[in-house]
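Just below is one structure, and these are the notes that go with it.
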Amino acid sequence: MWDLGLLFVAIVWGCTFVPVQRALHSGDVFSFLFWRFLAASIFTYLACLRFGVKFDRGTIGRGVFCGLMLFCDFSCQTIALDYALSSTVAFILGLNVVIVPFLMLAFFGKKVGASAFGGAVVALLGLYFLSGASGAVGFGIGERLTLISAFAYALHIVFTGVCARKSNLYGFVIVQFICVCVCALIAAVFAPHAEFEGEIKVLGNLIFSPNFDFVFALVLTSIFATVAAFVIQTMAQNRGVSEIKTVLIFALEPVSAGIMGYAFGEKLSALQILGAALILAGILLSELGGLLGAKFAKDRACEKADRGD
């Protein structure tokens, strides 16, 4: 049951890229992010009330710290959708999995295994091919912003692992969402943007668009891709779904994004498809190699203990 829940999360995440890209035709990036995370903050708070939400000083401070990284991730990621194919953005974002082990080495001195190095090499080769448009290798602003987003999210993963253990989990998550919401509000109010048909001025340059694409993307990303995904992921982990199984399921996110992009007319060249496949292989090698290695070592230790070696 929880495997299906995680599969739902991966598919929903992958299916958000095209709707968000379409929403940006009727509203600006920061207004969209403000409304998305305002709704996510409210609904996550309501969903987590029964679990005991607390907002002590430490939780708030750590939540703001990680929330700033999350804002960098989502703002760069969303802006990138104005300049690159949604499927390209999705696969490059998957590189955060490959980046994490090296950040753990840089900040905490944690050893990087051979599988992480191998996965990084394979994924970087995939990035080289994927960033080409119509078969010609290039690296435009959309790809650069997505790479920054992947790096920011990798930082977020690293520090969330440290900060969450010292915080009230639910309060920590909600503070991050509120932080992104506030940062997006400030940017939306002051950042100039083109006028959109039917836009409703709210405050300064902050707008709301009643356009169907804008509203649909807001509902999809705030409720399903944020609140529902968070609740399902948390409950699945509490029910003992293995890390290996979780990694395999979440690897389907960029795959579903690629299928969604293709369904809406995005075409990848043969080189770009090869690049996407290599990135996916690099992600799996980086994550599964370490997990399987640890499991193998644990099994060997148990066998030796049973034999009395």
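Worth a mention:
- Charging the Cβ of each Asp and Glu at -1 and of each Lys and Arg at +1, and nothing else, the dipole of the chain about its Cα centre rounds to 1020 debye.
- Given charges at Cβ of Lys, Arg, Asp, Glu: the chain dipole, positive-most of ASN96, SER26, TYR128: ASN96
- For LEU125 and LEU46, the FRET efficiency from 1/(1 + (r/R0)^6), where r spans their Cβ atoms and R0 equals 51 Å, is about 0.70.
- C-alpha center-to-center spacing [the stretch 156-233, the stretch 38-86] in angstrom: 7
- Where labels lie 7 Å past Cα in the beta-carbon direction, separation of ASP56 and PHE159 in nm: 2.1
- Extension reserve of the ARG144-LYS166 stretch, reckoned as 0.36 nm per residue once the Cα distance is removed: 4.6 nm
- Helix axis angle, 29-48 relative to the chain longest principal axis, alpha carbon, degrees: 60
- Linear extension gain, ASP82 paired with LYS110, 0.36 nm per residue minus alpha-carbon span: 6.4 nm
- Each residue of the stretch 258-263 was assigned a 3J(HN,Hα) from its phi angle through the Karplus curve 6.51 cos²θ - 1.76 cosθ + 1.60 (θ = phi - 60°); the sequence is x, 5, 4, x, 5, 4 Hz, with glycine and proline shown as x.
- Annotation for VAL189 and ILE273: the two label points, set 7 Å from Cα along the Cα-Cβ direction, are 5.0 nm apart.
None of the figures in this text is laboratory data; all of them are computed from the coordinates on show. Everything quoted here is computed from the prediction, not taken from an experiment. When we count neighbours, we look across all protein chains shown, and the Cβ atoms used for this are built from the backbone with ideal geometry, even at glycine.
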